[in-house]
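Written below as structure tokens is the structure these notes are about.
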Amino acid sequence: MLSADLVFRAKVVYLILSKDTEEALKLLSSHYGVVEPKLKVGIPKRYSKNPACYVSKNRTIHVSRREILYHPSIILHEFYHHLRRVTNAQGGIEKYANNFAKNYLEAYRKTTSET
């Protein structure tokens, strides 16, 4: 039997893959008790080499191209940075942001392989 947490994480990934990233961010924000980040296509110049970035000043996840809005590992990675900033935790180390995203992707894989 699948745990509620596993199902939640899988649902978030499913929503992003289904092009409902805003709904996924609403669920994540509610789950972690934080304000929802904004999403914006277009990236600040100083981050132009990255596919996405999180700008804490305006609580916005910026993506370089629209297709990245539907890329779960990138969206979840940037949400982790948002989560760390709004909870006043020290900076979000890239390794931890990657592990956060990986955890959600593994939950999705588990639920899709068990059905």
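The values are calculated or read from the model by the stated rules, or taken from the named source; none is laboratory data. Keep in mind that this is a model prediction, so the values were computed, not measured. Neighbour counts run over all protein chains shown; Cβ positions are idealised from the backbone, glycine included.
Results, tabulated for the structure shown:
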| read-out | value |
| --- | --- |
| Long-range neighbours under 8 Å by Cβ, at least six apart or interchain, first residue in contact (Cβ under 8 Å) with a residue 24 or more places away in the chain within the range 1-21, second among the acidic types (Asp, Glu) | LEU2/GLU114 |
| Count of residues meeting criterion [surrounded by fewer than 20 Cβ atoms within 10 Å (Cβ to Cβ) and either aromatic (Phe, Trp, Tyr) or outside any helix (DSSP H, G or I) (or both)] in the range 56-81 | 6 |
| Selection within the range 36-51 - assigned to a loop (DSSP other than H, G, I, E, B), touching a Ser or Thr at 6+ places or on another chain (Cβ under 6 Å) and either over 17 Å from ARG84 (Cα atoms) or among the polar types (S, T, N, Q) (or both) | ILE43, PRO51 |
| Matching residues in the range 39-57 - criterion: being over 13 Å from ILE75 (Cβ atoms), without any contact (Cβ under 8 Å) to a residue 24 or more places away in the chain and not β-branched (Val, Ile, Thr) | GLY42, PRO44, LYS45, ARG46, TYR47, SER48, LYS49, ASN50, LYS57 |
| Matching residues in the range 82-115 - criterion: being among the small types (Gly, Ala, Ser), part of a helix (DSSP H, G or I) and either surrounded by fewer than 19 Cβ atoms within 10 Å (Cβ to Cβ) or out of contact with any His (no Cβ under 9 Å at 6 or more places or on another chain) (or both) | ALA107, SER113 |
| Selection count, the range 52-87, where residues are touching a Ser or Thr at 6+ places or on another chain (Cβ under 7 Å) and at pLDDT 95 or above | 4 |
| Any hit, the range 15-28, residues being within 23 Å of THR112 (Cβ to Cβ), hydroxyl-bearing (Ser, Thr, Tyr) and not in a helix (DSSP H, G or I) | yes |
| Filter pass, LEU17 being within 22 Å of ARG109 (Cβ to Cβ), surrounded by 15 or more Cβ atoms within 10 Å (Cβ to Cβ) and touching a helix residue (DSSP H, G or I) at 6+ places or on another chain (Cβ under 9 Å) | no |
